[in-house]
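Everything below concerns the one structure shown next.
The values are calculated or read from the model by the stated rules, or taken from the named source; none is laboratory data. Keep in mind that this is a model prediction, so the values were computed, not measured. Glycine also receives a Cβ, built like all others from the backbone with ideal geometry; neighbour counts cover every protein chain displayed. To get the accessible areas, we keep the full protein, side chains included, count just its heavy atoms, and leave off ligands, DNA and RNA. Shrake-Rupley method; radii C 1.70, N 1.55, O 1.52, S 1.80 Å.
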There are 4 protein chains.
Amino acid sequence: MIGMALLGCGRIGKVHAHNLARHPAVKLECVYDVMTCAAESTARDVGTRCARSVDEVMADPAIQAVLIATSTDTHVALIIAAAHAHKAVLCEKPIDLDLARAKRCWNDIASLQPTVMIGFNRRFDPSFRSLRERLGAGEIGVPELVIITSRDPAPPPVAYIKTSGGIFRDMTIHDFDMARYLLGDILELQAFGANLVDPAIGELGDIDTAMLVLRARSGALVHIDNSRRCVYGYDQRIEVFGSKGMLRAGNQHATTVESWNAASTRSRDLIERFFIERYAAAYAAEIDYFAACVRDRKTPSPSFADGISALELAEAAVQSLHSARTVQLS
Amino acid sequence: MIGMALLGCGRIGKVHAHNLARHPAVKLECVYDVMTCAAESTARDVGTRCARSVDEVMADPAIQAVLIATSTDTHVALIIAAAHAHKAVLCEKPIDLDLARAKRCWNDIASLQPTVMIGFNRRFDPSFRSLRERLGAGEIGVPELVIITSRDPAPPPVAYIKTSGGIFRDMTIHDFDMARYLLGDILELQAFGANLVDPAIGELGDIDTAMLVLRARSGALVHIDNSRRCVYGYDQRIEVFGSKGMLRAGNQHATTVESWNAASTRSRDLIERFFIERYAAAYAAEIDYFAACVRDRKTPSPSFADGISALELAEAAVQSLHSARTVQLS
Amino acid sequence: MIGMALLGCGRIGKVHAHNLARHPAVKLECVYDVMTCAAESTARDVGTRCARSVDEVMADPAIQAVLIATSTDTHVALIIAAAHAHKAVLCEKPIDLDLARAKRCWNDIASLQPTVMIGFNRRFDPSFRSLRERLGAGEIGVPELVIITSRDPAPPPVAYIKTSGGIFRDMTIHDFDMARYLLGDILELQAFGANLVDPAIGELGDIDTAMLVLRARSGALVHIDNSRRCVYGYDQRIEVFGSKGMLRAGNQHATTVESWNAASTRSRDLIERFFIERYAAAYAAEIDYFAACVRDRKTPSPSFADGISALELAEAAVQSLHSARTVQLS
Amino acid sequence: MIGMALLGCGRIGKVHAHNLARHPAVKLECVYDVMTCAAESTARDVGTRCARSVDEVMADPAIQAVLIATSTDTHVALIIAAAHAHKAVLCEKPIDLDLARAKRCWNDIASLQPTVMIGFNRRFDPSFRSLRERLGAGEIGVPELVIITSRDPAPPPVAYIKTSGGIFRDMTIHDFDMARYLLGDILELQAFGANLVDPAIGELGDIDTAMLVLRARSGALVHIDNSRRCVYGYDQRIEVFGSKGMLRAGNQHATTVESWNAASTRSRDLIERFFIERYAAAYAAEIDYFAACVRDRKTPSPSFADGISALELAEAAVQSLHSARTVQLS
C-alpha cells in the first residue's frame, strides 16, 4: 500500500479523492485544502482525515506521494516542498503559467531526482491510448496528418479566465500534450485566434476560438481546433491519417439509443458535457499508473519535462498569434 | 441491339420505360397500355411509339422481348401470348394471385421452352447483391439466422388493398424471394399478423403488420417483419448472422449530412421514401441483366419457378395465419 | 445503512460482492457459499466476513436483506427461509426450473408479504432503460414491432447445459422479461429452434439457436432471436418500431477507435464479450435500486410475479417448439 | 433545347460528354479535341459529330454554349473566343495558372457581358449543397469553425505535377472555393506544406501534403488539410461548427454492407476512389444548373470572379508557404 495525501479539494480534487480512496493499492492518508470546509467535506465523503497544514503532510512519514490539485499559482511551491520531503508528486497541469518559473522549479529540485508526473489525463483515456498503441504498432504506417478537435461545452466564469493564463495555457495545453504524445517533438507552430463566443473574454485580451497548425520533427503536420462553447457537449476527437490508413477516436454518448422519426434518423443523445464524466476512466487509469510507478520506482510519464514542453508550445502560440508568423520551437 | 416492348405504363412501367430507353443494348420499339393516354405520354417521354394492341406487339418480328408491367390479373395471359410468339419475358411480380393458375400457366408453355424472368428487383440491389456474394464467399461461415426488415412508408389506397391478394402475396412476397435468394429452399414457416395501421385494412380481412419465421432446408432460421406504414421512410434491411460473423445491409440516405445540436447528435436525414428511388439502381441492373440473358440466350434468374416458390410461401403464410400452426412446404 | 448478506460466491456472486461492498448505503455483513474457499476468497477481496451457514445469516438481526446468487435449485428454499426471517430478497433468475414449484414458493410465503425482487439485470441497463422511458413518454407513438437480439459469445460447458433447464429457461428468459418490461402482458407465442452450434447440445435434447414470435396484449408483435455462439462478442440489441418512429439500443464497444485502411473502412473493435462487462453498469444500478426499495419499504420491480411470468413464457416456448403450434398464455 | 459543344475530350471531358448527351434540355451539337481520335471516340460513344476546329464551333449559330474541358493553358484563349462569338461558357477550373493572365482575360471580355461559369463541381454535390442550405437556414447558428478534408486517392503522374501549377492551384483550389462557397470572402491565410508521399514531387519543388488555416471576413476560421495519397479512397469531408451546433458531410460507400467478425465490427467497404464516381451526381447537377442559366439568361455561379478569387487564395498560399507568414488577401 502506498500512503498518499491529496492537496486541493476543488472540483478535480474531489474526483481524485474518490479514485484514491477506492484504489486497492493506495491508502489515502489525508486531504488538505486552504478552504477547511472543502477539505472536511471531501474527507467525510471518502472516509479519511483532514491535514491541518501542508507542513503536516510533508512531515508525515506514512505519506509517500502527494497529488497536487490546488490552484495553479501554488504548484511550484508544493512540488518543491514535496521533492525536498522525498515524496513522489502527481501534479495537475499546468506546472505554472510562467514558463521561466516552471523551469527554475526543476533546477531547484533536479539534484533530488524527484518522481514528478504531470496530470495530462487524456493520455489515459482508453480510446486515445488504444489509438496511440495501434499507431505505434504500425497499423496505419507513418502518421502524416493529425487533427485534434477539442471544444469545451461552455466558457468558464470570467473571473477564472482572468487567472487562466489565456486559452493556450489553460485549454490548448492538453492538445499540445496530445500532439506530443502521438508524434513526439514539435518544431514549429502557427496560431490563429478569434473572439466569437463571449465579448467579455475578448475584453480581457483573451480569445475563445482557435485554430493552430504544428509541424512535428517526424514531418507530420498537426491541426488543433478549439472553442470555449459547444452546445452538443464536450467534443474531444483525434484523427490520425497515415501512409496506410486512418485511425479516429471519438466521443462517447451516455446511452446507445438511436432515434428514427418523421423528421430525422439515427439521432443519438448528447455526448458527455463535463470533463469529469468524459474522462472518468482516464482519471482512474492515471491514478493506477502513478501508483504503479511509485510502487515499482519507475519514472512516470508524462514527466515534468513534458509539462515544460507543453508550456513552451503555449508560449509559442501566444507569440505566433501576436506576430502572425510561424514560430520555431528552440 | 435487342428489340423490346413495354406492356403497361403505370408507375413501375414508367420506371422501366426510362431504363429501357436509355439502355445501350436495347431498342425500345414501342410501349402499350390499355389506357391509351398513359401509353402516349410514356412514349413521348422516352421517344418511342405506341403499339395499338397486344397483338400488334406479339406479331412484330423486331421485338425479341417484352417487359410485362400490367396489372397482375393480366400477367398469365400475356406470358402465354409472349411465349407462343417466341418472345422472351420479364414479368413483374407476382405471376398471379392464384397459385394454381400460375402453375397451369407454366404447364401451358413449358414445351415452348420460353425465356421468362420474374421481376424480383431486390435481387439486383447493389448492397443486397454484395451481401449475398460475400455470404457465398464464406465471409461469415455458415448462415444461421437471417433477419429481413421490410416496412413500407405508407399503406396503398384501400381500393388497391382489395385486389392485392393480401399483404403476403403483395408485399411479403419480396421478402420470401429474398429469403430464398440468400438461403435456397424453405421447408416451413409460421406467420403472425395484426391490424394496427388502418382499420379499413382490417375490415377487408387483411392485415398491415406481420412477423414470420421460416426454416430453410439448410437449417437456417429466417425472421421477416413487415409494416404497411413507416414514418421515417422505406425501411429495407437484411441481417445475416453466421458461424463466423454477421453481414448487414441497410438503408440509404439522400445525403451524408449529419447534424449535432443541443437536443441530439449524429442525426441524419430521412431514408428514401419510395421504392422507385430506393431501388433505382436495382431496376436499372435488372434490365442490364435481362438484356444480357436475352442476348446470350441464357436462362435468367429469378425464373418462373422462383415466382411460383414465392407464391407458395405466401399461400403457406395465409394458411399459417389462419390456423396458428407451422405450415410445411410440400 | 442496510445490512446485507450475499449467498453464493460464484461468477455472478463475485460481481455482486464488489457492488455491495462499494455501495454507500449498504453494509455487506457477510458472504456465504457451500464451497467455503469461494466464500473466503470473496470475503477477503471485498473486506467482509464469511458466514458459516445459511442459518447463521438468517438469524442475524443486523442483516435486513439477502442477495441470492446460489445455484438455481436452491433459490426456492432460500427465498422461503429469508421470507420467514423477514429479510428482503434479491434473487438471481430464474426462480426455479419447475414452474409449479416456483408458484408453490409464493403460496408458501405470500401471507408474510415479503419483499422479493428477481434479478433481471437488463432492466437496469442504462440504454435499455432510457429506451423504455422514451417509449413511455410517447416518443415513437404506439409500439407495434419489437425485435430483441440476444446472442451469447460462446456456449456454456455441456455440464451446465444439462442442468440449465434448456435455452428458453436459461437464456431466453431474459428476453421474455425484456418483452414484458417493454410491452406488458404477452398473450401467445410461437418458438422455432435448431441445433446449429454444437452437436453435444442437441444430444442433450436442447437447442442452441432460436427464433420466437410473441404477441402482447397491447397488440404489438415481438421477435426474439438467440444463438449460443457469437464470434464478435455478446450481441444484445433492442429495436422498437412504433406508429411515429423507431428506437434502437445497441452494443457497446470497448473504445471509440475507428480504423480505415486499404481493405475496409469505419472498422470498430469488438463489442464486450462477457455479460459481466456488458452489464457492469446494470448490475450496479440494480443494487442501487434494490437498496433504495429496502430503505424506503417500497415493492421492488421486477417482482416475484415477474419471475413467474418469464418462466411461464419459457414453458410455453418449450411446448410450442414440440407441438409446432402457437401457444396461448392462460 | 440549348445547342452545346464540348471542347476537350480527355477524362473529365468524357464525363461531361455523357451528361450533355443525356440531358433533356441540351443538344450536344459536336465535340472537339486537338487529338482527333479522342474526339472521334467520344463522338461515337455519345452519338454526336466531331467539329474539325474551334473556329468551326465558334462560327456555328446552332451552338449557344460551350463547355471548356481542354488543358488549362488553353482556357483563356477559348473563353475569349467564345465570348466574342456570344456563346455562354462553362469552363473547368482553374481559369489559368497565372493569376494576372486570368484577370486580363476578364478585362478583355467584360464589355461583352459574357455568361461564364467556372466548373467548381463540388458546389453541386448533393451533400455539400444540402449542408450549405441548412447552414444558410440558420440550423447551427453562426458558423465559427470549418474543417475541410480533401485527400486524393493517389498522386497524379509526375509529368502532370510539372504542369499543374502546384498543389494549391491544382488541388486545394477546390477547397478554397468550398471555403468561399460556405463563408464568403476570405481575409487571410497561412499555409504549411510537406513532401511526405513521393520524393519525386519534392524534387519538382512541389509538396504533396498540406495544412492551411484561413480567416473569413465573417470571423469564422477554416482549416483545410490535403494529401495526394489516401489508401482508403477519395476522402472528401466538410465539418462546420457553429454557435448552435455542427453539420458534417461525409464520404459515400459503394454499398451499405457492414461486416462483423472475430477481429473487428461495423466494417464498411471502401469509399469511392475516383473523382468521377464520387462526384457523378455533382457533374450531372452542374450541367443541369448551367443549362437552366443559359435558358433563363441568368448569371451563373460560381462565376468568373469566383474563379479569380480561388486563384488569389492559391497564390497567397504559395506566398505564405515560402515566407512562413500569414498573408492578407487584398
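Could you identify the residue of C sitting closest to the C-D rotation axis by Cβ and state that distance rounded to whole angstrom?
Of all Cβ atoms in chain C, the one nearest the axis gives C:SER267, 2.
Given the options B:VAL31, B:VAL66, B:VAL158, which has the most mean-square fluctuation in a GNM of chain B, springs set between C-alpha atoms less than 10 angstrom apart?
Judging by the Gaussian network model, the answer is B:VAL158.
What Kirkwood hydrodynamic radius do you get for region C:182-272 when you take the inverse of the mean 1/r over all pairs of distinct Cα atoms, in Å?
After inverting the pairwise mean of 1/r, the radius is 16.3 Å.
For chain A, evaluate the Debye formula with one uniform point scatterer on each Cα (no solvent term) and list log10 I(q)/I(0) at q = 0.12, 0.14, 0.15 Å⁻¹, rounded to two decimals.
-0.88, -1.19, -1.34
Which net charge results when you count Lys and Arg as +1 and Asp and Glu as -1 among the other residues whose beta-carbon is under 13 Å from that of B:ALA38?
Neighbour charge sum, excluding B:ALA38 itself: 0.
Based on the mean of other Cβ atoms within 10 Å per residue, sort peptides D:85-96, C:92-103 so the most packed one is first.
Ranked from most to least packed, the peptides come out as D:85-96, C:92-103.
Label D:ALA281 and A:SER323 with points 7 Å out from Cα along Cα→Cβ: what is the distance between them in nm?
4.8
What's the ranking of D:242-249, A:234-241, A:289-296 by average number of surrounding C-beta atoms within 10 Å, highest first?
Descending mean neighbour count gives A:234-241, D:242-249, A:289-296.
In region B:3-57, which trypsin sites (Lys or Arg not before Pro) fall in coil by DSSP and have 16 or fewer other Cβ atoms within 10 Å?
B:ARG52
Using the Karplus curve 6.51 cos²θ - 1.76 cosθ + 1.60 with θ = phi - 60°, work out ³J(HN,Hα) for each residue of region B:206-218 in order, rounded to whole Hz, and write x for Gly and Pro.
9, 10, 10, 9, 8, 9, 10, 10, 10, 10, 8, 4, 5
When the accessible area of each residue in region D:181-196 is compared between its chain alone and the complete protein assembly (1.4 Å probe; ligands, DNA and RNA ignored), which residues differ by at least 50 Å², being lower in the assembly?
D:PHE192, D:LEU196
Hey, can you grab everything whose amide H is under 5 Å from the amide H of A:SER218? Only 5+ residues off in sequence or another chain; H modelled, so Pro and N-termini drop out.
Here the answer is none, since no amide H 5 or more places off falls under 5 Å of that of A:SER218.
Note the per residue figure in Å³ for the convex hull of the C-alpha positions in the protein assembly as shown.
Spelled out: Cα convex hull of the protein assembly as shown, divided by residues, is 187 Å³.
Which percentage, to the nearest 5, of the DSSP beta bridges contained in the protein assembly as shown is antiparallel?
Just about 60 percent of them are antiparallel.
Putting +1 on Lys and Arg Cβ atoms and -1 on Asp and Glu Cβ atoms, find which of C:PRO155, C:PRO126, C:CYS105 reaches farthest to the positive end of the dipole of region C:84-194.
C:CYS105
Ignore the peptide's own chain and count Cβ atoms of other chains within 10 Å of each Cβ in A:246-255; give me the average, rounded. List each step's numbers first, then the result.
On the way: counts 12, 6, 6, 4, 4, 4, 3, 5, 3, 11.
Neighbouring Cβ atoms belonging to other protein chains average 6 per residue here.
Using only atoms on other chains, find how many Cβ atoms lie within 10 Å of each Cβ of peptide A:202-210 and report the average.
Per-residue shielding by partner chains comes out at 1.
Explain nothing, just compute: Karplus ³J(HN,Hα) = 6.51 cos²θ - 1.76 cosθ + 1.60, θ = phi - 60°, for every residue of region D:233-238 in order, whole Hz, x for Gly and Pro.
Karplus-based 3J(HN,Hα) across region D:233-238 equals x, 9, 8, 9, 9, 9 Hz.
So which residue, out of A:SER309, A:SER264, A:SER227, gets the largest mean-square fluctuation from a GNM of chain A using Cα contacts under 10 Å as springs?
Comparing A:SER309, A:SER264, A:SER227 in the GNM, the peak value goes to A:SER264.
What are the lysines whose alpha-carbon lies under 17 Å from the alpha-carbon of A:LYS27, with same-chain residues fewer than 8 places away excluded?
A:LYS14, A:LYS87
Give the average, rounded to an integer, of partner chain Cβ atoms located within 10 angstrom of each Cβ in D:227-238.
4
Which percent of the accessible area of region C:214-330 is formed by carbon and sulfur heavy atoms (probe 1.4 angstrom)?
The C+S portion of the solvent-accessible surface of region C:214-330 is 51 percent.
When only alpha-carbon atoms count, how far does region A:25-183 stretch along each of its three principal axes, as whole angstroms with the largest first?
52, 38, 35
Before rounding to the nearest 500, sum -39500 (n - 2.57) across all DSSP H runs of length at least 4 in chain D and divide by the residue total; then give [θ] at 222 nm in deg cm²/dmol.
Mean residue ellipticity at 222 nm (helix-derived): -11000 deg cm²/dmol.
Probe radius 1.4 Å, ligands and nucleic acids ignored: give me the carbon and sulfur share of the accessible area of region D:23-85 as a rounded percent. Numbers along the way, then the final one.
Numbers: 1680 of 2950 Å².
It is 57 percent, rounded to a whole number.
Nearest 20 debye, what's the magnitude of the dipole of the protein assembly as shown about its Cα centre given +1 on Lys and Arg Cβ and -1 on Asp and Glu Cβ?
Using Cβ point charges on Lys, Arg, Asp and Glu, the protein assembly as shown gives about 0 debye.
Could you estimate the translational diffusion coefficient of region C:2-114 from the Stokes-Einstein equation, with Rh from the Kirkwood formula over C-alpha pairs, at 25 °C and 0.890 mPa s, in whole µm²/s?
The calculation lands on 176 µm²/s.
Am I reading the C/B interface right? What is its buried accessible area, both sides, 1.4 Å probe, to the nearest 100 Å²?
Working: alone 15390 and 15420 Å², together 27460 Å².
Chain pair C/B: roughly 3300 Å² of buried accessible area.
Can you work out the accessible area per residue across region B:43-140, with the rest of the protein chains kept in place, probe 1.4 Å, in square angstrom?
44
Show me, for region C:257-267, the HN-Hα J-couplings you get by feeding each phi into the Karplus relation (A = 6.51, B = -1.76, C = 1.60, θ = phi - 60°), rounded to Hz, glycine and proline as x.
5, 10, 10, 10, 8, 6, 10, 7, 10, 6, 5
Note down the Stokes-Einstein diffusion coefficient of region C:137-290 in µm²/s, whole number, using a Kirkwood radius over alpha carbon pairs, 37 °C, and 0.692 mPa s.
D, rounded to a whole number, is 190 µm²/s.
Where does the charge balance sit around B:ASP185 when Lys and Arg score +1, Asp and Glu -1, over other residues with C-beta under 12 Å from its C-beta? Display every interim value, and only then the final one.
Working: positive: B:ARG180, B:ARG215, B:ARG217; negative: B:GLU188, B:ASP306, B:GLU312.
So the environment of B:ASP185 carries a net charge of 0.
Considering only chain C, what is the antiparallel percent among its DSSP beta bridges, to the nearest 5?
DSSP beta bridges in chain C are roughly 55 percent antiparallel.
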